[in-house]
1. With +1 on each Lys and Arg Cβ and -1 on each Asp and Glu Cβ, and nothing else charged, work out how big the dipole of the chain is about its Cα centre, in Debye to the nearest 20.
2. If you roll a 1.4 Å probe over the heavy atoms of the protein chains, what accessible area per residue do you get for the chain, in Å²?
3. Per residue of the chain, what 222 nm ellipticity follows from adding -39500 (n - 2.57) for every DSSP H run with n ≥ 4, rounded to the nearest 500?
4. Classify the chain: rounded, prolate or oblate, from the alpha-carbon gyration tensor (a ≥ b ≥ c, eigenvalue square roots; a/c under 1.5 rounded; otherwise prolate if a/b is larger than b/c)?
5. If DNA, RNA and ligands are ignored and the probe is 1.4 Å, what is the ranking of D199, D209 by accessible area, most exposed first?
6. Does the range 51-154 come out rounded, prolate or oblate by the C-alpha gyration tensor, with a ≥ b ≥ c the root eigenvalues, rounded set by a/c under 1.5 and, if not, prolate when a/b is larger than b/c and oblate if not?
7. I need to check one value: relative contact order of the chain, counting alpha carbon pairs closer than 8 Å and at least 6 residues apart, in percent.
8. If you take the C-alpha gyration tensor of the range 264-375, multiply each eigenvalue by 5 and take the square root, what semi-axes do you get, largest first, in whole Å?
Amino acid sequence: MKSRNPWSWVPTLYFAEGLPYVAVISITTIMYLRLGLTNAEMTFYTGWLYLPWVIKPFWSPFVDILKTKRWWIWTMQSFLGAGMAGIAFTLPTSFYLQVTLAIFWLMAFASATHDIAADGFYMLGLTREKQAFFIGIRNTCYRIAMITGQGFLVMLAGMLEKSTGNIPYAWSIVFYILAGLLVGIGVWHRFILPYPKEDRPQQNLSARDILTEFLNTFREFFKKKGILATLLFILFFRLGESQLLKISSAFLLDTRANGGMFIDTEEVGFIVGTVGILALLAGGILGGIAIACQGLKKWLIPMAISVSLPNALYLYLAYTLPDNLWLVSVCVSVEQFGYGFGVTAFTMYMMIFSEGKYKTSHYALCTGFMALGMMVPGMVSGWIQQQLRYMDFFIWVMICCIPVFFVIPVIKKLG
């Protein structure tokens, strides 16, 4: 391999992995609300954007077979940059909704493909010792991308909304910035990524060989001990959070007459995308330390409670509607910290369950079911909220946190 200092490409690789994901999954929810969509319309349209991550395991083998992972990385980054520019160009038009949704759909596929290539390249481009060293660096850079997109850029959009009075123009500027970042990173990686010897397309594989191996992957996955309980665990663990995630920003932005907090876009970017993400990162770090010290079994129920119980803080906010932004920030941060702490057990269990010959593919299948568990409830969350008040909706979210506690005892018995 051409020698490259990992510091020259690992941070930018995972910053580039996080940026399009947060744009497609998180920024869209705030942007479409500000452009006038209802909660039900926003959650339904943006919920479909999870689909590429749901079905990612079905085309992940082709990233190994066709071209190199290096090629996939910089090509997808350039494509995503072009997509961001297309969004920016289209937003001020009267037909923005149909076109931007189509572009976001293509970008979601490109982002999911980039995830496959980037994670594979990380293992090929670094020795095992360096992989272990940089694991914290890559996760931190991914979170920095989330803060950049969901925090700083949303805050910028809010400031531009105020200064120009033109909401489409404000969000158009944000997506031009995203386009420049991704195109620039794509060019950087085109020249700076190393050339691992193992990073090459698979040769001499017949279509029959590919199909046989592909089917074996699925067959072995569904033959695993405790597969039904595991799938229920994956689908239920984030059932409440999947709906809260879609509605939380809408609640903060909505008017007091509708039961919302009526906080402006800039402040929502600070509360959710900056303070909240930092709390999420802190919770994840502490959760990893807890499991490393005392094991997953001991922490499985406490971490499930950690994901579920802090959701009640949104119920408190809906009931009291406080004017104090710092109090709102604390409530959002505690909820995000609890989620970051608790979801560590969820991730760790999927990794353990995936052990075996097809470890990478089986983990991809687990994450596909995880995305399905986020997609379907998220799509209908806006409609559910519109049938209820925000206060009643947050009670519903709390109820949705209960089913996983019936599955956890079975999970613990599996060993």
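The values are calculated or read from the model by the stated rules, or taken from the named source; none is laboratory data. The structure displayed is predicted, hence computed values, not measured ones. Neighbour counts run over all protein chains shown; Cβ positions are idealised from the backbone, glycine included. Protein only, heavy atoms only, side chains kept; ligands, DNA and RNA dropped before computing areas. Shrake-Rupley method; radii C 1.70, N 1.55, O 1.52, S 1.80 Å.
1. Values: 30 positive and 21 negative charges, 293 e Å.
Magnitude of the dipole: close to 1400 debye.
2. Working: 18100 Å² over 415 residues.
On a per-residue basis, the chain sits at 44 Å².
3. Working: 21 runs with 319 residues, N = 415.
Counting only the DSSP helices, I get -25000 deg cm²/dmol.
4. Working: a/c = 1.68, a/b = 1.19, b/c = 1.42.
Here the chain falls in the oblate category.
5. Numbers: D199 20, D209 75 Å².
From most exposed to least exposed: D209, D199.
6. In terms of gyration-tensor shape, oblate.
7. Working: 600 pairs, mean separation 110.0, N = 415.
The normalised contact order for the chain reaches 26 percent.
8. Computed over the range 264-375, the values are 31, 16, 12 Å.
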